[in-house]
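The values are calculated or read from the model by the stated rules, or taken from the named source; none is laboratory data. Source: prediction; values computed, not measured. Glycine gets a Cβ as well: all are built from the backbone with ideal geometry, and neighbour counts include every protein chain shown.
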Amino acid sequence: METVRPVRSPAVPPVALVYVRVVSGFTARLTEVRPDQWANPTPCSAWTVRELVAHTIGTHRKVLGALGGEVAEVDASGDLIQQWLDATHALGAALGNPDRAGQMVRGVEGTLPFCNLVGGLISPDTLAHTWDLARATGQDERLDARCVAACTEQLPQFGDTLLRLGGFSAVTSAAEADAQTVFLNAVGRHA
């Protein structure tokens with residue numbers, strides 16, 4: 001499967017590189033979902049695998065819509081893999097364009113640069129849903145350590161928003177918890 005790759009240059013914000021790694025992890029799990037797993041329950045108790053993937057695509061489309069233009073509805077009964085690839089390619093292209101990456105947009109908590117919205121909301125949300133998808137389909141639940149570190153760094157800005165939008169409450173991590181567990185607990189997962 002082809003993944004989105006923004007051009008590496010000094011003008012491309014580091015958040016774009018984290019986004020690409022997060023997307024790659026989700027894509028790897030998504031392409032391994034078997035036909036009999038789409039109705040599996042997920043750690044997001046209200047969603048099946050199909051609904052979780054549709055939600056993740058829809059979130060990408062809504063954030064991309066902050067740059068202007070219409071936000072297309074997700075066809076939850078359609079080809080979710082292709083819809084995912086289309087959404088991530090479009091968002092990655094926007095991050096790879098310095099003018100669009102720096103464009104001020106309206107986010108959940110106010111106005112901010114588009115790249116900050118992606119780095120603070122989309123990347124942590126998608127990373128958490130990567131774990132959800134892996135857990136629901138019996139795949140490798142280990143998340144990219146660099147993505148975990150980068151997304152955890154963003155949580156003080158957006159953590160409450162992620163929890164509120166996802167209907168989760170933060171979980172207290174044990175003192176000996178590893179970085180992935182701390183991240184997942186912070187976004188309401190019992191890892």
Exercise. Check off (1) at pLDDT below 95; (2) surrounded by fewer than 21 Cβ atoms within 10 Å (Cβ to Cβ); (3) in contact with a Leu (Cβ under 8 Å, 6 or more places away or on another chain) for ILE81 and give me the number that stays unchecked.
Key: (1)
Quiz item: Any residue at all in the stretch 147-156 that is farther than 21 Å from GLY65 by Cβ and more than 16 Å from the chain's Cα centre (by Cα)?
Solution: yes
Practice problem: Filter the stretch 24-73 down to the residues that are aromatic (Phe, Trp, Tyr) and in a loop (DSSP other than H, G, I, E, B), then identify the one that is surrounded by the most Cβ atoms within 10 Å (Cβ to Cβ). | Solution: TRP47
Self-check item: Residues that are crowded, with 18+ Cβ neighbours inside 10 Å and either β-branched (Val, Ile, Thr) or assigned to a helix (DSSP H, G or I) (or both), drawn from the stretch 84-99
Solution: TRP84, LEU85, ALA87, THR88, LEU91, GLY92, ALA94, LEU95
Quiz item: Which number in (1) without any contact (Cβ under 8 Å) to a residue 40 or more places away in the chain; (2) in contact with a helix residue (DSSP H, G or I) (Cβ under 9 Å, 6 or more places away or on another chain) marks the one condition that CYS115 misses?
Solution: (1)
Quiz item: Can we say GLY120 is surrounded by 17 or more Cβ atoms within 10 Å (Cβ to Cβ), more than 21 Å from CYS44 (Cβ to Cβ) and modelled with pLDDT under 95?
Solution: no
Quiz item: Tell me, which residue of the stretch 1-20 that is assigned to a loop (DSSP other than H, G, I, E, B) and buried (at least 19 other Cβ atoms within 10 Å of the Cβ) is modelled with the highest pLDDT?
Solution: PRO13
Practice problem: Would you check if VAL23 is touching a Lys or Arg at 6+ places or on another chain (Cβ under 8 Å) and either over 30 Å from ASP99 (Cα atoms) or modelled with pLDDT of 95 or more (or both)? | Solution: no
Quiz item: Taking the stretch 85-113 on its own, how many of its residues are touching a Gly at 6+ places or on another chain (Cβ under 6 Å) and either at positive phi or of a type in the set (A, V, I, L, M) (or both)?
Solution: 0
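Rundown of residues vs (1) hydroxyl-bearing (Ser, Thr, Tyr); (2) at pLDDT 95 or above; (3) assigned to a helix (DSSP H, G or I), yes/no style:
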site	(1), (2), (3)
ASP132	no, yes, yes
GLU141	no, yes, no
PRO156	no, no, yes
ASN185	no, no, yes
